[in-house]
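Novice: Sharing a structure here in structure tokens format.
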Amino acid sequence: MIAEISSEAFDSFFAWAPLVVGIIIYAAFYVAKRHEKPTTVAASRTTYACAVCGRRGALDQMVPHDHGGAIGYVCSHCAAVSQPAH
């Protein structure tokens, strides 16, 4: 007995196979991820970059500097260098 697959069955299989395989993959990832514990993100301290040299530091370590209406922040080193001598 020679087994022969009809053309309609062959076409139907390859038409539905990608959809079925995709659904199986999505279902497997859904089952795997739904029992995963959420990761906690460590609280990060916001840092600011110096407008002159780019050195990063916390806002309380920066000196506000007026740029014609806009406020920029410079580090204490750049602020000391840019102060005019009296």
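Novice: Subtracting the Cα-Cα distance from 0.36 nm times the residue separation, let me have the gained length for PHE29 to SER12 in nm, one decimal.
Specialist: Once the chain is fully extended between PHE29 and SER12, it gains 3.5 nm.
Novice: Quick check on the exposure proxy: order HIS35, HIS77 from fewest to most C-beta atoms within 10 angstrom.
Specialist: Ascending Cβ contact count within 10 Å gives the list HIS35, HIS77.
Novice: Which ³J(HN,Hα) values, rounded to whole Hz and listed in residue order, are derived for segment 49-54 from phi using the Karplus coefficients 6.51, -1.76 and 1.60 in 6.51 cos²θ - 1.76 cosθ + 1.60 with θ = phi - 60°, glycine and proline given as x?
Specialist: Karplus-based 3J(HN,Hα) across segment 49-54 equals 9, 5, 6, 9, 9, x Hz.
Novice: To the nearest 500 deg cm²/dmol, what mean residue ellipticity at 222 nm is calculated for the chain from DSSP H runs of n ≥ 4 alone, each contributing -39,500 (n - 2.57), summed and divided by the residues?
Specialist: Per the formula, -13500 deg cm²/dmol.
Novice: Applying a 10 Å radius around every beta-carbon, put 25-32, 46-53 in order of their mean neighbour count, most first.
Specialist: The packing order, highest mean first, is 46-53, 25-32.
Novice: Could you give the size of the charge dipole of the chain about its Cα centre, using +1 on the Cβ of each K and R and -1 on the Cβ of each D and E, expressed in debye and rounded to the nearest 20?
Specialist: Roughly 640 debye, rounded to the nearest 20.
Novice: Pull up all non-local amide H partners of VAL52: gap of 5 or more, or a different chain, and H-to-H distance under 5 Å with H placed in the peptide plane.
Specialist: CYS75
FYI, it's all coordinate maths here, none of it is from the lab. These numbers were taken from a predicted model, which means no experiment stands behind them. Note that each Cβ is placed from the backbone with ideal geometry, even for glycine, and that neighbours are counted across all protein chains shown.
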